[in-house]
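Coordinate-derived values only; no laboratory data. Quick caveat: nothing in here was measured; it's all calculated off a predicted structure. In this analysis, Cβ positions are derived from the backbone assuming ideal geometry, glycine residues included, and neighbour counts consider all displayed protein chains.
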């Protein structure tokens, strides 16, 4: 099969961020398919406009993107990618289009090329758009909201199959899409690559003399407005009152990075209790998480965020680490049922610090959570989820 795979934020393992599209496309190539990935050089990591990555033909548009961009610059990046996809898509031959959203604007070239090339189309929903941008106030114009809602309906109606990345997303999509068109294929736990020796974690800790052998709480990923990572700074401040041995490491980038840094300096935590690092490539994440005592996933207080399928959650499972989150939804239910982690209050840093400390000071609890986390990761293994993905593709 010849496949046109559209994903604006495609990454290889040598780049920071999700490698879901890479892992799936690589496996499609391995089974004999030809895959054309149309993406953007959004991180500036590729020096070429075309590369072959593990057999995947990758077309890189010279369009930057960053979480810290304002609304207009983001729209410009979205539309630039749409135009680039039109150009590349018309030159290639394919039987199937896989369009991975966000952003929702990816549906524009996907629907056009589906008709022009008489191809089938699968629409993958990574986040609920436009519901999420509306909820956080990023999309306010009534006209823009109407346009986005119209595009959403067209994307679902024009697709042979729709893939949701979580059970929560699936429940929302069922109100808009016939249930026989929807399949759930969550994000991935790369159990093979994240199973590393403890020595890797020990070596990683040596990069930070202030961490040493202290309990280490790790956050990896985006410092966006929706993530609310500054809450970890408040927790770090509070936990020092009851357990000054605890350390925090925040790796990533985004709109609120400077705000987080300034707050850490204000509380006299930075480079003493709390450390900040660049956005690490995916292939460096196993060593980092090996060093962690507990991994985290955070969001601001929005009910819509309970439907998320954050990569950091699944990486934590793959590494066999207890996971601390501050939101409800299907992931919270999983942690409660499996014992692979725990939930802290949304906006109560002193209570959150107490709960965290209770876990950290109980070796039996920590060990049970580690085992449960590793066990739960089987459910989201890369190969297991690819089989689900493959089934959807072959039935389109």
Exercise. Determine, from the Cβ-Cβ distance of residue 202 and residue 358 and an R0 of 30 Å, the FRET efficiency 1/(1 + (r/R0)^6), rounded to the nearest 0.05.
Key: 0.70
Quiz item: To the nearest 10 degrees, how steeply does helix 20-30 sit against the main Cα axis of the chain, on a 0 to 90 scale?
Solution: 50 degrees
Practice problem: Compute the whole-percent fraction of alpha carbon pairs in segment 140-215 spaced more than 16 Å apart. | Solution: 69 percent
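Please figure out what share of the DSSP beta bridges in the chain is antiparallel and state it in percent, rounded to the nearest 5. Write down the numbers at each step before the final one.
Numbers: 5 of 53 bridges.
The answer is about 10 percent antiparallel.
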Exercise. Taking the chain as the reference, fit the longest principal axis to its C-alpha atoms, fit the long axis of helix 230-239 to the helix C-alpha atoms, and give the angle between the two in degrees, 0 to 90, nearest 10.
Key: 20 degrees
Quiz item: Taking only the alpha-carbon positions of the chain and ignoring solvent, what does the Debye formula give for the base-10 log of I(q)/I(0) at q = 0.07, 0.12, 0.14 Å⁻¹?
Solution: -0.32, -0.95, -1.28
Quiz prompt | Values of log10 I(q)/I(0), in the order q = 0.24, 0.27 Å⁻¹, for segment 301-368 under a Debye, Cα-only, solvent-free model | solution = -1.18, -1.34
Quiz prompt | Average silhouette area of segment 269-343, convex hull of alpha-carbon atoms, in square nanometres | solution = 5.7 nm²
Quiz item: Which percent of the Cα-Cα distances in segment 191-379 go past 19 Å?
Solution: 55 percent
Self-check item: Folded to 0 to 90 degrees: helix 349-360 orientation relative to the chain principal axis, Cα
Solution: 80 degrees
Quiz item: Could you give the alpha-carbon Rg of segment 7-115 over 2.2 N^0.38 Å, rounded to two decimals?
Solution: 1.02
